[in-house]
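Below: one structure, written as structure tokens.
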Amino acid sequence: EDTNKAITKYLDNLPQLKNDLNANLDKLPGFARSLIGNDKINLHFTRESGDVLEIYAELKGGKIEILDKGSLDKADIDIYANEKDINDITSSDNAKKTVKEKLNSDAISYKAKGLFRKMKLKLVKTFL
């Protein structure tokens, strides 16, 4: 199955995506895990067709409690990504390096609300 279809299948099955993400959060280094707290996140995902899919997540205690389509009016973080960049990451032999490259080139961007969150995300970007 090609990666592109796998990404689409994941986005069309948000309960499975939520379970998989939560299962893999334990694999993050302690430093990165400590930065994941109680945030409300909007993901603005541009598909190759040009359609924008909006997904929101509510995190509590470092785990995703809610993952659903739509967006939150008062999100703490907005993330902007496109299908090609996500495919590049998921098909990469070194996903961490690819994520860092995408963030540094602003191919994947984010906007955080509040000074603490801005500093927290800057730390994540620095230590990736």
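The values are calculated or read from the model by the stated rules, or taken from the named source; none is laboratory data. All values derive from a computational prediction rather than experimental measurement. So basically every Cβ, Gly included, is an ideal-geometry build from the backbone, and we count neighbours across all protein chains shown. Heavy atoms of the whole protein, side chains included, go into the accessibility calculation; ligands, DNA and RNA do not. Shrake-Rupley method; radii C 1.70, N 1.55, O 1.52, S 1.80 Å.
The table below lists the values:
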| item | result |
| --- | --- |
| For the stretch 94-107, 3J(HN,Hα) per residue [Karplus equation, 6.51 cos²θ - 1.76 cosθ + 1.60, θ = phi - 60°, Hz, x = Gly/Pro] | 9, 4, 4, 5, 5, 4, 4, 4, 5, 5, 5, 8, 6, 5 |
| Long-range HN-HN contacts of L43 with modeled amide H, under 5 Å | I55, Y56, A57, I79 |
| Per residue, in Å², the accessible surface of the stretch 33-121 once ligands and nucleic acids are set aside, probe 1.4 Å | 59 |
| Among A95, T126, I77 - extreme Cα towards positive end, dipole of the stretch 64-128, charges at beta-carbon | T126 |
| Compactness relative to 2.2 N^0.38 Å, alpha carbon Rg of the stretch 75-114 | 1.22 |
| Helix-only [θ]222 nm of the chain, DSSP H runs n ≥ 4, -39500 (n - 2.57) each, per residue, nearest 500 | -13000 deg cm²/dmol |
| Under-5 Å amide H pairs with I66, H placed in peptide plane, nonlocal only | E58 |
| Enclosed volume per residue, in Å³, of the convex hull spanned by Cα atoms of the chain | 111 |
| Given charges at beta-carbon only (K, R positive; D, E negative), |dipole| of the chain in Debye | 720 |
| Interchain or long-range residues, amide H under 5 Å from G37's placed H | G62 |
| ³J(HN,Hα) computed for each position of the stretch 62-79 - Karplus, 6.51 cos²θ - 1.76 cosθ + 1.60, integer Hz, glycine/proline x | x, 10, 7, 8, 10, 9, 8, 6, x, 9, 9, 5, 10, 6, 7, 9, 10, 10 |
| Portion, in percent, of the accessible area of the chain that falls on carbon or sulfur, probe 1.4 Å | 54 |
